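Comments concern the structure below.
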Amino acid sequence: MTKHYDIIVIGAGPAGMSASRTAAAQGARVLVLDEQSSPGGQIYRAIEKPHNQRRRELGSSYQDGVPLVHGFRQSELDYVNAASVWQLSADLEVGYSRDGIAQLVRADRIIVATGAQERPVPIPGWTKRGVMTVGAAQILLKESSVVASDAVFAGSGPLLYLAVHQYLELGVPVKAVLDLTPAKNYLGALPALFGARADFAKILEGWQWKRAIGAAGIPLLTGVDAVRISGEKSVESVDYRRRGEWQAITCDTAFLHLGVVPNINISMAAGCDCHWSHNQACWTVTVDDWFNSSVAGVSVAGDGVSIGGAAAAEAQGGIAALGALHALGRIDASERDRLAAAYRIRLRKEMGIRHFLDLLFRPADRLRVPREADTVVCRCEEVTAGQIRETLDLGCCGPNQLKSFSRTGMGPCQGRFCGHTVSELIGEASGLPISEVGYFRLRSPIKPLPLKELADLAHSSKE
Amino acid sequence: MSGDRRDQDVIVVGGGVIGAAIAYGLTRRGVRTLVLDESDRAFRAARGNFGLVWVQGKGVSNIQYAAWTRRSADLWAEFNDEIKERTRIDTRYLRSGGLHLCLDEEELASRSLLMANMAEASEGVFSYEMLDHDELAHRLPGVGPSVAGASFSAQDGHVDPLSLLHALHTAFKSTGGMLISAPVTKLCYEKGGFEAKTGKGSFYSGKIVLAAGLGSRALAPQLGLNVPVRPERGQILVTERLKPFLDYPTIFIRQTEAGSVLLGDSHEEVGFDDGTDIKVMSAIANRARLIFPRLERTRILRAWGALRILTPDGLPVYQQSRECPGAFTATGHSGVTLAAAHTLDFARFVADGEMPAALDSLGEDRFHVH
């Protein structure tokens, strides 16, 4: 018999933990499914490990996760770690795998809190050995205390500087930092800084990281407008263009980062309407004030909707849970609104700085959409930007026809690495707005699923 | 633009594997052709295909259909060489022979009878062998003990259906064809010519071919045609890439040249729902591991559903309109197997303005209630 819950929360990052705590506090039967071994999400990854709780190097905001995780652990709910969710259907059935067994569960409400993924950085040579994302560097650091010496960091955005600063605090040598923030963004973002009652403490923190990096003697080059990775099979140098001139820095490891984008695969597969955000240059899930998506019973909260950061995600998770509790008839509208008020104040404050950050760190067009014909866009099937443009020239009507013709997006990652680039490439070729171009049609299983587990679902293997 | 719009000899409605094959067949004969194709999210059987170029079992109830299928299968190699030369796209076509697996003795017995009937009706042109479990295991090492046997025909083969669709579109364009993504809203006939109305304006031609799959049903009456098709869903699972182990395609399982294994096939009456369903997927996975126990250890990477285009008797419909001469339809299932005949033969029928007597029984008259 399929187990039935009031609310299933997918993800145990800031939004998921906040949502599930809020829901459990009102007596709802809650199941939380998360793919990591412990709660925290990407930002508070492995926060329960004692060595991490003492580590000041990970930054003050990392420690913000301690009370949240503690509260989550105290809540009365079913929490399943190491669970790979491969299905969310529009009729609210969730399929997941754990320990080699696939299971189906149901709920009256689903809250998707799948967070963010790093934006792919399709520059020439990005698929060579030794190229990693800054996010991968963070996972290695938090999970296993592994670091890479003398790496070049190239990219843009707060996480880039946070990661370099963490290396600095740990005494790991860094070869250079290449800042790819377009020069024109500084001017463009300025009005948002004053107009939105921005959070100056955060901006100050970022500025202090930058200053510390400079003071430590690490070359920090701003105004870099193009970058490529050179080397036979693995990284031999990072080449960059600054003031019209190309230079090379030799290194074995390059960390790339152009910010994060919502992880929309589960929401898209469930059929939630999405639209393209110009400012964030990514797909975002369309939600109402209570974070309800277009699919009845499915809410989406946190960075899985649009990028707002951990504090905003925590607030959104709370609001989404209150909306769901009201929909279930567990709280009335006035109670819902009363409990949501504090979250909404917090959210408004967080969103103030967000607009500024979006404008400042919006990656340059050429870094999102490769100009060079031989730059790989789809890593799984090794399809280049040139091949995609050639296929589009046939009169290819959208991402799904393109996928059929070129195998772009057909590999195991299910388009996570190329979907955004593909939408933008089609927009460029057709002149259509990206929201109209659309995205790959995603269907379950959205993650690889062992055949045995799938077969066992309806047919016991002992038969 | 207006020049483009008025100067077409033929408009083909539909850019699926049937429409694209006919359209390329026309342009390669020098006929100016425009394809009007639907949007990216349209129901596209051509993108959900399993990739069999299949003869055995086809046309048991209709000898014209059996002959038409065999003709296309025989033309496939020549057709494939031509599009490969023109487009440099390798469709991975291989006439390897194919297997129809039977999971129990009863199924094997009735299969044997069916094959014998087919061979007799073809006057010996169709050839096949029946294999018992041991003979099958010899050809398919690793086949599960519960598989009773199979029928084998050397006339069967397989192809990557997506590369085929890509190649047909590429070949069409390279021979001067024009494609516009604009769903057709209305078709009109005015003496000697046709108008296709779309969201991107009207297009005009001397002839028109309706190859719009499930969309043909609603458009057909506007051309005096009758295309009573309905959707039937099939779901397919695809595994990660495995070392080659399967030398022959079968109707449930096919290994591609790249190593992925496709698992099919379901037959579901669910209307216009081309989604996936976990119960059906589970049944497909279960049958796959019965056939090849080794598959139990692999992972499913993707799954999809697609809608077959079925007439009441399951056979395609080929017809020139009596009311609006110059309007043709080619609609139905098996567009991959029939692609060679559509390009090399059917396009000629359209260009000549005449359907051959050899396809009489596949016209729309068979749907009339007598």
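The values are calculated or read from the model by the stated rules, or taken from the named source; none is laboratory data. Just so you know, these numbers come straight off a predicted model, no measurement behind them. Heads up, the Cβs are rebuilt from the backbone with ideal geometry, glycines too, and the neighbour counts pull from every protein chain shown.
Restrict the check to the stretch A:205-212 and report whether at least one residue is aliphatic (A, V, I, L, M), outside any loop (DSSP other than H, G, I, E, B), outside the structural domain of residue A:377 (by TED's automatic domain parsing) and more than 25 Å from the chain's Cα centre (by Cα).
Among the residues of the stretch A:205-212, at least one is aliphatic (A, V, I, L, M), outside any loop (DSSP other than H, G, I, E, B), outside the structural domain of residue A:377 (by TED's automatic domain parsing) and more than 25 Å from the chain's Cα centre (by Cα), which makes the answer yes.
Quick one: is residue B:84 surrounded by 18 or more Cβ atoms within 10 Å (Cβ to Cβ), closer than 28 Å to residue B:264 by Cβ and not aromatic (Phe, Trp, Tyr)? Spelling it out, it is not the case that residue B:84 is surrounded by 18 or more Cβ atoms within 10 Å (Cβ to Cβ), closer than 28 Å to residue B:264 by Cβ and not aromatic (Phe, Trp, Tyr).
Just one of the listed residues (A:394, A:425, A:457, A:451) is more than 8 Å from chain B (Cβ to nearest Cβ) and either in contact with a Ser or Thr (Cβ under 8 Å, 6 or more places away or on another chain) or closer than 22 Å to residue A:278 by Cα (or both), and it is A:425.
For the residues A:66, A:80, A:85, the requirement of being of a type in the set (Val, Ile, Thr) and either crowded, with 23+ Cβ neighbours inside 10 Å or assigned by TED's automatic domain parsing to the domain that holds residue A:234 (or both) singles out A:85.
Residue B:285 meets the conditions (1) away from chain A (no Cβ under 14 Å); (2) buried (at least 24 other Cβ atoms within 10 Å of the Cβ); (3) more than 30 Å from residue B:186 (Cα to Cα) in every case but one. The failed one is (1). Among the residues of the stretch A:327-351, those identified as of a type in the set (Gly, Ala, Ser) and surrounded by 17 or more Cβ atoms within 10 Å (Cβ to Cβ) are A:327, A:340. Taken together, B:321, B:361 contain a single residue that is more than 18 Å from residue B:212 (Cβ to Cβ), of a type in the set (Ser, Thr, Tyr) and in the same structural domain as residue B:34 (by TED's automatic domain parsing), which is B:361.
Here residue B:366 meets the list (1) over 15 Å from the mean Cα position of the chain (by Cα); (2) touching a residue at least 60 places away in the same chain (Cβ under 8 Å) almost entirely, failing just condition (2).
In the stretch A:98-119, of all residues being in contact with a Ser or Thr (Cβ under 8 Å, 6 or more places away or on another chain) and surrounded by fewer than 22 Cβ atoms within 10 Å (Cβ to Cβ), the one that is nearest to residue A:157 (Cα to Cα) corresponds to A:98.
Mind listing whichever residues of the stretch A:417-432 are surrounded by fewer than 21 Cβ atoms within 10 Å (Cβ to Cβ) and under 23 Å from the mean Cα position of the chain (by Cα)? Within the stretch A:417-432, A:424, A:427 qualify. Do we have residue B:218 as assigned by TED's automatic domain parsing to the domain that holds residue B:330 and hydrophobic (A, V, I, L, M, F, W, C) here? In short, yes.
Residue A:417 passes every criterion in (1) aromatic (Phe, Trp, Tyr); (2) in a helix (DSSP H, G or I); (3) touching a residue at least 40 places away in the same chain (Cβ under 8 Å) apart from (2). The requirement of being within 12 Å of another protein chain (Cβ to nearest Cβ) and either free of Cβ contacts under 8 Å to residues at least 40 places away in the same chain or touching a helix residue (DSSP H, G or I) at 6+ places or on another chain (Cβ under 8 Å) (or both) is fulfilled nowhere in the stretch B:4-12; no residue meets it. The residues of the stretch B:164-183 that are touching a Lys or Arg at 6+ places or on another chain (Cβ under 9 Å) and surrounded by fewer than 22 Cβ atoms within 10 Å (Cβ to Cβ), listed by number, are B:174, B:175, B:176, B:178, B:180, B:181, B:182.
Between B:206, B:199, which is without any contact (Cβ under 8 Å) to a residue 60 or more places away in the chain and either within 14 Å of another protein chain (Cβ to nearest Cβ) or touching a Gly at 6+ places or on another chain (Cβ under 6 Å) (or both)? Break it down into steps so the answer makes sense when it comes.
Working: B:206 fails: without any contact (Cβ under 8 Å) to a residue 60 or more places away in the chain.
After applying the criteria, what remains is B:199.
Number of residues in the stretch A:294-312 that are surrounded by fewer than 24 Cβ atoms within 10 Å (Cβ to Cβ) and under 16 Å from residue A:92 (Cβ atoms) equals 4.
Quick one: would you say residue B:329 is crowded, with 24+ Cβ neighbours inside 10 Å, at pLDDT 95 or above and either at the interface with another protein chain (Cβ under 7 Å from one of its Cβ atoms) or within 18 Å of residue B:368 (Cβ to Cβ) (or both)? Quick ask: steps written out before the conclusion?
Details: crowded, with 24+ Cβ neighbours inside 10 Å: yes; at pLDDT 95 or above: yes; either at the interface with another protein chain (Cβ under 7 Å from one of its Cβ atoms) or within 18 Å of residue B:368 (Cβ to Cβ) (or both): yes.
For residue B:329, the condition - crowded, with 24+ Cβ neighbours inside 10 Å, at pLDDT 95 or above and either at the interface with another protein chain (Cβ under 7 Å from one of its Cβ atoms) or within 18 Å of residue B:368 (Cβ to Cβ) (or both) - is met.
Checking each residue in the stretch B:292-307 for being among the hydrophobic types (A, V, I, L, M, F, W, C), within 17 Å of residue B:246 (Cβ to Cβ) and more than 7 Å from every other protein chain (Cβ to nearest Cβ) picks out only B:292. As for the stretch B:240-251, it holds at least one residue that is within 13 Å of another protein chain (Cβ to nearest Cβ), in contact with a strand residue (DSSP E or B) (Cβ under 7 Å, 6 or more places away or on another chain), surrounded by fewer than 22 Cβ atoms within 10 Å (Cβ to Cβ) and touching a residue at least 24 places away in the same chain (Cβ under 8 Å).
Every residue, every condition in (1) in a loop (DSSP other than H, G, I, E, B); (2) free of Cβ contacts under 8 Å to residues at least 60 places away in the same chain; (3) of a type outside the set (A, V, I, L, M, F, W, C), yes or no:
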{"residue": "A:267", "(1), (2), (3)": "no, no, yes"}
{"residue": "A:280", "(1), (2), (3)": "yes, no, yes"}
{"residue": "A:284", "(1), (2), (3)": "no, yes, yes"}
{"residue": "A:308", "(1), (2), (3)": "yes, yes, yes"}
{"residue": "A:313", "(1), (2), (3)": "no, no, no"}
{"residue": "A:324", "(1), (2), (3)": "no, no, no"}
